[in-house]
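The block underneath contains the structure these notes are about, expressed in structure tokens.
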Amino acid sequence: MSEDKWKNELTPEQYQILRQKGTEAAFSGQYYQTKDKGKYSCAACGADLFSSDTKFDSETGWPSFDQAIPKAIKLIPDNSHGVQRTEVVCAKCGSHLGHVFNDGPTQTGQRYCINSICLNLKKEKMNNKIKSNNILLIIVSLIMIVGLSYYFSTIYNSSHLDIIEINEYEGQDLSSINDFRENSIKGPQYINKNSYQLEIKGLVENPESFTYDEIINNFPSQKKVVKLNCVEGWSVTILWEGIVLRDLFDQVKPTDQVKTIIFRAVDGYSTSFPLSYFDDHDILMAYKMNDTVLPPERGFPFQLVAESKWGYKWIKWITEIEFSADENLQGYWEQRGYSDSGNLDQSFLD
Ligand SMILES: [Zn+2]
């Protein structure tokens, strides 16, 4: 292309630098601070010259690169102004771009010092596949964050359970699931519903082992409001829902020798009752309280609703029921001086 044609194609400023080897003022061009991704091409002919990956901040006020795209430029010794330098020109159209120096800070040791006005940045468009992958990644991350925070809140936030519960039943005011004080011997237990088994053993004709679902589905349920009184001096009134234990016992058929039934829990806790207690009352083994499934902190999967008995007879996390002929079989607190009967109308201390 003739110089006249270049003059028509380029602005006067571009022509002066690209075609007459001028230099723009430092810190005046549009690209010296640019960090956008893409390819810098020749402002005269459009050939790709430098990749943004090779750009670095030289603090000179000119865009600087540590290498050029292979074969995109030519180097020409330049002794103008009484200084020995190396001029950089576009390999395709021969336009002046700037100079290269051997004082680069990166591995190449090169510093291509280029006039902004000689360059056009063609910004990289994020392709759609990367975009949709990123969106998917964000969605998966959000789901994981929500899931993990829920998981940790159920494990650690036992002081306040985020549970939807009723607060009134057939005209009776109910306490909240959060009104209980944690006083179990080893803290809350987390039982896996899928591997849970309730073992029924001892002096029975049909020893049995039930899964959670077998108990829920095979025995009729009953609801009633019962107040739990703790020996510590607090009480809660709760709507309990569970199976009547007498129904369960009828299925396993205790023998005539049975005097005592002892319940054991996953944490090693235990408590015992005379067989007659379950004949005289509809004693529930509860799986719901205030219309919500027992949370782990309240004894999931099952808590005994030991009505007319002190709170320490209300065993949580029940995993085993044993039928025994031993009238003196004692539970955890009973062995430590609490009364065997645990009747509310008597002192809990023997
Ligand atoms: Zn060019």
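Quick note: the coordinates plus some simple rules give every number you see, no bench work behind them. In this text the structure is predicted, and so the values were computed from the model without any measurement. Quick reminder, even Gly has a Cβ in these numbers, built from the backbone with ideal geometry, and neighbours come from all protein chains shown.
Brief remarks on what is shown
- Net charge contributed by nearby residues that have their C-beta within less than 10 Å of residue 338 (K/R +1, D/E -1): -1
- Cβ-defined net charge surrounding residue 64, 11 Å radius [Lys, Arg +1; Asp, Glu -1]: -2
- The chain: angle of helix 128-156 to the longest principal axis, Cα-based, in degrees nearest 10: 30
- Rg/Rh for the chain, where both radii come from Cα atoms and Rh is the Kirkwood radius: 1.52
- Whole-Hz ³J(HN,Hα) from phi, Karplus 6.51 cos²θ - 1.76 cosθ + 1.60, for region 296-302, glycine and proline x: x, 5, 10, x, 3, x, 9
- Shown here: region 234-350, whose C-alpha atoms stretch 38, 35, 27 Å along the first, second and third principal axes, sorted largest to smallest.
- DSSP-assigned coil residues among chymotrypsin sites (Phe, Trp or Tyr not before Pro) in region 211-296, each with at most 16 further Cβ atoms within 10 Å: 234
- Flagged links, alpha-carbon separation over 24 Å, of 5/37; 35/92; 55/122; 5/123; 55/92: 5/37; 35/92; 5/123
- Close amide H pairs (under 5 Å, H built 1.01 Å from N) link residue 208 with 200, residues at least 5 positions away or on another chain.
- Order of 96, 81 under a 10 Å beta carbon neighbour criterion, fewest first: 81, 96
- Amide H partners (placed H, <5 Å) of residue 101, local residues excluded: 111, 112, 113
- Sum of -39500 (n - 2.57) over DSSP H runs of 4+, divided by residues of the chain (222 nm, nearest 500): -5000 deg cm²/dmol
- Neighbour-count order for 149, 270, fewest beta carbons within 10 angstrom listed first: 149, 270
- For residue 21, the residues whose amide H sits under 5 Å from its own are 96, ignoring neighbours fewer than 5 places away on the same chain, with H placed 1.01 Å from N.
- The 3J(HN,Hα) values that the Karplus relation (6.51, -1.76, 1.60; θ = phi - 60°) gives for region 21-30 are, in residue order, 6, x, 9, 6, 5, 4, 6, 9, x, 8 Hz. Gly and Pro appear as x.
- Candidate lysines for bridging to residue 227, where Cα separation is under 19 Å - those fewer than 8 sequence places away on the same chain excluded: 288, 309, 313, 316
- The longest stretch of the chain left intact once loop-based GluC sites (Glu not before Pro) with at most 13 other Cβ atoms within 10 Å are removed from consideration, loops following DSSP, is 233-326.
- Working note: Karplus 6.51/-1.76/1.60 with θ = phi - 60° gives region 232-249 the couplings 6, x, 9, 8, 9, 10, 10, 7, 9, 9, x, 8, 7, 4, 4, 4, 5, 5 Hz, where Gly and Pro are set to x.
- Of the trypsin sites (Lys or Arg not before Pro) in region 181-216, those whose Cβ has at most 14 other Cβ within 10 Å and which sit in DSSP loop: 181, 186, 193
- Partner aspartates and glutamates for residue 186 [C-alpha distance under 13 Å; skip if fewer than 8 residues away on the same chain]: 267, 297
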